[in-house]
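So the structure is just underneath, and the comments pick up after that.
The values are calculated or read from the model by the stated rules, or taken from the named source; none is laboratory data. Keep in mind that this is a model prediction, so the values were computed, not measured. Cβ placement follows ideal geometry from the backbone for every residue including glycine, while neighbour counts extend to all protein chains displayed.
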Amino acid sequence: MADITKLQSIATQVRRDVIRMVHAPASGHPGGSLGCADFFTALYFEVLNHHPAKFTLSGEGQDMFFLSNGHISPAWYSVLARSGYFEVKELSTFRLIDSRLQGHPTPAEHLPGIRVASGSLGQGLSVAAGAALAKKLNGDKNLVYTLHGDGELQEGQIWEAVMFAAARKIDNLIATVDFNGKQIDGPTDQVMSLGDLKAKWLAFGWEVVETNGNDMAQLLEGFAQAKKLTGNGKPVCILMRTEMGMGVDYMMGTHKWHGKAPNDEEFARAMAQLPETLGDY
Amino acid sequence: MKKFVSLGNKDTRSGFGAGLYELGKTNPNVVALCADLIGSLKMDDFIKEHPERFFQAGIAEANMIGVSAGLAVSGKIPFAGTFAAFATGRVYDQIRQSVAYSNTNVKIAASHAGLTLGEDGATHQMMEDLGLMKMLPNMTVINPCDYNQTKAATIAAAAWNGPVYLRFGRPVVPIFIPEDQEFVIGKALQLTEGTDVTIFATGHLVWKALQAAEVLEQKGISAEVINIHTIKPLDEEAILRSVSKTRAVVTAEEHFMNGGLGDSVAQVLARKLPTPLEMVAVNDTFGESGTPEQLMVKYGLDTPNIVEAVQKVMARK
């Protein structure tokens, strides 16, 4: 049985890491990172079958995760470090010269946990589909997970991959959509309406699970449902409702903190709302 | 001067198909993908023997490149095949991020490259692919010249660790490279020895360069023909060795002058051994419908064009 309180406490530290990471170089994407802090925490501390100390690019014998919306790298880096992929103190190098923690994730700097670069949107689902096919060829029963922004679904390649995964019956793949309804230029409905997302994924032949990405218990239940649906000839999509900026009051309810770092005064206000639960790096 | 004779005629894409078939038997990690062009890419034999190792991507090239990257990360050696136009320009960003920057072991198999695609016209006649691909860090770029070399290059590409762009063509052309000729990625292949001029040729233009050398011999000009099958990494040593002897250069390729082989050779020479150089290539214009032969004549990629370029560069020595 998962310890919800413990996971919530980790997620709070992840949020604190995120704000500290973008504040130091005065650069990065706090909004989506905060919104997905619970997702990353649940995935890496509860859901994934993985062995951080034995990370391999090929991921054989383990679950694999691909972050398609690479700009929310701060939350991913934090969870990777705190789950043991690399030392927590390295988080202080985010976006600085000579760092393995590039603005957008890349395997080019050999940071454990990262297999393919992302940042240019729309590519991660295709990559994950390929990795899932390889698992089938290898007789590896582990799963492949992805995360996508909802705005990212405006990219055509996503729908090529959605069609491909269903047609090729890639049923060891769980794709999660960070459904926060916001993107750089404003609400997703105004920038480019996604229409009925659930109906779209269903029409393409996927299973769909809906969950609340900022409620740890509901999130774990969503993952459990999704996992149960794998292996039945269809890929699985989790439509995960989140609040961009979750955990820092002035970053919530707006799209304005998508890609902006807080100034010193804003930083202090955020820190006051995010207690240090695991110890700062 | 060493004379080359045609051992028969075949398309280079069939060389790719034969190489892939061979790899299917010898390397269990090799898989193939195609965007609705199985017949054109000559993948049928591989698919027949290994249906479980082939993935039809449909007319969705961007996804095909991404899926290939995912397969490669997981230890497979994917060959992703389509026409050169759709294998490069259409999916440049996918190749840039998921293949080149991520350094995934993806082999991009690009058929119907250049003008000799023929009647389909300019939409499909890719003449900037070598340039697009050679600009990407981590990318190896190979443009073989006949059936045998394409087969050998395909097998060599699978053994090479890292992204490879493998370019070949549609038309039936002479086979003149011996079947047992070793193919070493990044190592130029000297075909004739000469003292007056070096002709660096790639792809379909290699045969024409050999023909031009014979014409030039009759005019008393000794041409050294070197086949640059690997555009990147470029064999600078072979280029400098030959040019320091001949002190005159012609490059020949079925590609735009901008970004092609000539461009790469000129860059090396400008930095290390400034030498008069002429380029046989398409000069900043799209192609059109026509037979491959008509197009090669109209766009200046034929044997007489190489002879003329040699005479021009000799006059500048």
- Would the stretch A:233-247 turn up any residue that is of a type outside the set (Lys, Arg), in contact with a Leu (Cβ under 9 Å, 6 or more places away or on another chain), within 20 Å of A:ALA132 (Cα to Cα) and not in a strand (DSSP E or B)? yes
- Query: How many of the residues in the stretch A:89-105 are crowded, with 17+ Cβ neighbours inside 10 Å and either within 14 Å of chain B (Cβ to nearest Cβ) or of a type in the set (A, V, I, L, M) (or both)?
  - Reply: 6
- Message: For the stretch A:173-195: of the residues being among the charged types (D, E, K, R) and surrounded by 19 or more Cβ atoms within 10 Å (Cβ to Cβ), which is nearest to B:GLU61 (Cα to Cα)?
- Response: A:ASP178
- Item | Unmet requirement for B:VAL265, which otherwise passes all of (1) in contact with a Ser or Thr (Cβ under 6 Å, 6 or more places away or on another chain); (2) not in a helix (DSSP H, G or I) | (2)
- For B:GLY70, which of the numbered conditions (1) out of contact with any Gly (no Cβ under 6 Å at 6 or more places or on another chain); (2) over 22 Å from B:VAL141 (Cβ atoms) fails to hold? (1)
- Subset of the stretch B:268-289 [assigned to a loop (DSSP other than H, G, I, E, B) and touching a residue at least 12 places away in the same chain (Cβ under 8 Å)]: B:LEU273, B:THR275, B:PRO276, B:ASN283, B:ASP284, B:THR285, B:PHE286, B:GLY287, B:GLU288, B:SER289
- Considering the stretch A:231-247 alone, what residues qualify as being surrounded by fewer than 23 Cβ atoms within 10 Å (Cβ to Cβ) and closer than 21 Å to A:ALA217 by Cα? A:LEU239, A:ARG241, A:GLU243, A:MET246
- Leading residue by the ranking (farthest from the other protein chains (Cβ to nearest Cβ)) among those in the stretch A:135-144 that are at negative phi and surrounded by fewer than 22 Cβ atoms within 10 Å (Cβ to Cβ): A:LYS141
- Item | Qualifying residues in the stretch B:52-107 (those that are of a type in the set (D, E, K, R) and at the interface with chain A (Cβ under 8 Å from one of its Cβ atoms)) - the one surrounded by the fewest Cβ atoms within 10 Å (Cβ to Cβ) | B:GLU52
- Item | Filter result (over 23 Å from B:VAL173 (Cα atoms), without any contact (Cβ under 8 Å) to a residue 40 or more places away in the chain and of a type in the set (A, V, I, L, M, F, W, C)) within the stretch B:290-317 | B:ALA315
- Task: Can you give me the number of residues within the stretch B:31-61 that are among the basic types (Lys, Arg), within 15 Å of B:GLY19 (Cα to Cα) and in contact (Cβ under 8 Å) with a residue 12 or more places away in the chain?
- Result: 1
- Counting only residues that are aliphatic (A, V, I, L, M) and crowded, with 16+ Cβ neighbours inside 10 Å, how many does the stretch A:196-230 have? 8
- Query: Applying the selection to the stretch A:248-268, what residues are surrounded by 14 or more Cβ atoms within 10 Å (Cβ to Cβ) and assigned to a helix (DSSP H, G or I)?
  - Reply: A:TYR250, A:MET251, A:GLU266, A:PHE267
- Task: Please state which of the following conditions A:ILE170 fails to meet, knowing it meets all the rest: (1) more than 14 Å from chain B (Cβ to nearest Cβ); (2) buried (at least 21 other Cβ atoms within 10 Å of the Cβ); (3) more than 20 Å from the chain's Cα centre (by Cα).
- Result: (1)
- Message: Quick check on my filter: what residues within the stretch A:106-119 are touching a residue at least 24 places away in the same chain (Cβ under 8 Å), surrounded by fewer than 24 Cβ atoms within 10 Å (Cβ to Cβ) and at the interface with chain B (Cβ under 9 Å from one of its Cβ atoms)?
- Response: A:PRO107, A:GLY119
- Scan of the stretch B:213-245 for residues that are crowded, with 24+ Cβ neighbours inside 10 Å and in a loop (DSSP other than H, G, I, E, B), ordered by number: B:ILE228, B:HIS229
- Message: Which of the numbered conditions does A:LEU147 fail, given that it passes all the others? Conditions: (1) of a type in the set (A, V, I, L, M, F, W, C); (2) outside any loop (DSSP other than H, G, I, E, B); (3) facing chain B (nearest Cβ under 7 Å).
- Response: (3)
- Query: What's the number of the condition B:LEU210 fails, among (1) in contact with an Asp or Glu (Cβ under 6 Å, 6 or more places away or on another chain); (2) assigned to a helix (DSSP H, G or I); (3) among the aliphatic types (A, V, I, L, M)?
  - Reply: (1)
- Selection from the stretch B:274-285 of residues loosely packed, with under 14 Cβ neighbours inside 10 Å and not β-branched (Val, Ile, Thr) yields B:PRO274, B:ASN283, B:ASP284
- Query: Across the stretch A:184-208, which residue is nearest to the other protein chains (Cβ to nearest Cβ) among those that are within 12 Å of A:HIS148 (Cβ to Cβ) and touching a strand residue (DSSP E or B) at 6+ places or on another chain (Cβ under 8 Å)?
  - Reply: A:TRP201
- Query: Among the residues of the stretch A:120-134, how many are more than 7 Å from chain B (Cβ to nearest Cβ) and either of a type in the set (Gly, Ala, Ser) or surrounded by fewer than 24 Cβ atoms within 10 Å (Cβ to Cβ) (or both)?
  - Reply: 4
- Would it be correct to say that A:ALA24 is in contact (Cβ under 8 Å) with a residue 12 or more places away in the chain, within 20 Å of A:ARG269 (Cβ to Cβ) and surrounded by 17 or more Cβ atoms within 10 Å (Cβ to Cβ)? yes
- Boolean, A:ALA175 is aliphatic (A, V, I, L, M), within 14 Å of another protein chain (Cβ to nearest Cβ), in a strand (DSSP E or B) and on the phi < 0 side of the Ramachandran plot: yes
- Just name the residue that is modelled with the lowest pLDDT out of those in the stretch B:290-317 that are in a loop (DSSP other than H, G, I, E, B) and exposed (fewer than 14 other Cβ atoms within 10 Å of the Cβ). B:LYS317
